[in-house]
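Structure record follows, encoded as structure tokens.
The values are calculated or read from the model by the stated rules, or taken from the named source; none is laboratory data. On a predicted model such as this, the values are computed, not experimentally measured, just so you know. Virtual Cβ from ideal backbone geometry, glycine too; neighbours counted across all protein chains shown. All accessible areas refer to the heavy atoms of the entire protein, side chains included, with ligands and DNA or RNA removed. Shrake-Rupley method; radii C 1.70, N 1.55, O 1.52, S 1.80 Å.
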Amino acid sequence: YKYLDKEEWFFKVHWPEDPNMPGALQFESLSQMASLAILTLPNNKGKILYLTSAEQIKFYKKILPDNKIFIDTKIVSFKRGLAICEGEIIVDGGIACKAKFKLILPDVIKKYTI
């Protein structure tokens, strides 16, 4: 989880009259959390991971200053350097954002190209 203090830089610039966490940063937090799970595996330490696609991104409610967000991601499948992932951000017990996306480890994918 992460507590979003009202002093977070994006609250000052993203709709100053109605500050909220930008959707791009919400999705970024999902992809980074899934990336962390993959890159902490022993054989993946120090490797580079890329986002290749995102789909079914949905935003259900605003994430506001002083919210505590819970970032929950799942690696649905991870084979041959391709990770199929999904995740959601929970705020006050409800879903604020959710998405499905794919990540790749190019070093691993190269082993399987012809």
*asked:* Checking the conditions here, which among Ile48, Ile57 is more than 24 Å from Asp92 (Cβ to Cβ) and open to solvent by 50 Å² or more (accessible area, probe 1.4 Å)?
replied: Ile48
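Here's the yes/no breakdown for (1) in a loop (DSSP other than H, G, I, E, B); (2) of a type in the set (A, V, I, L, M, F, W, C):
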{"position": "Asp5", "(1), (2)": "yes, no"}
{"position": "Phe10", "(1), (2)": "no, yes"}
{"position": "Ser29", "(1), (2)": "no, no"}
{"position": "Met33", "(1), (2)": "no, yes"}
{"position": "Ala37", "(1), (2)": "no, yes"}
*Kindly provide the set of residues from segment 68-110 that are small (Gly, Ala, Ser) and in a strand (DSSP E or B), ordered by number.*
Ser77, Ala83, Gly87, Gly94, Ala96, Ala99
*Only residues in segment 70-87 that are polar (S, T, N, Q) count as the first member; pair them with residues that are not in a strand (DSSP E or B), Cβ under 8 angstrom, at least 6 apart or cross-chain, and list the lot.*
Thr73/Leu30; Thr73/Met33; Thr73/Ala34; Thr73/Ala37
*Residues of segment 1-18 satisfying the condition of being aliphatic (A, V, I, L, M) and either closer than 18 Å to Lys68 by Cβ or in contact with a Phe, Trp or Tyr (Cβ under 6 Å, 6 or more places away or on another chain) (or both)*: Leu4
_Selection within segment 12-27 - part of a loop (DSSP other than H, G, I, E, B) and closer than 28 Å to Cys85 by Cα_ = His14, Asn20, Met21, Pro22
*Restricting attention to segment 12-36, which residues are at pLDDT below 95 and either buried (at least 17 other Cβ atoms within 10 Å of the Cβ) or among the β-branched types (Val, Ile, Thr) (or both)?*
Val13
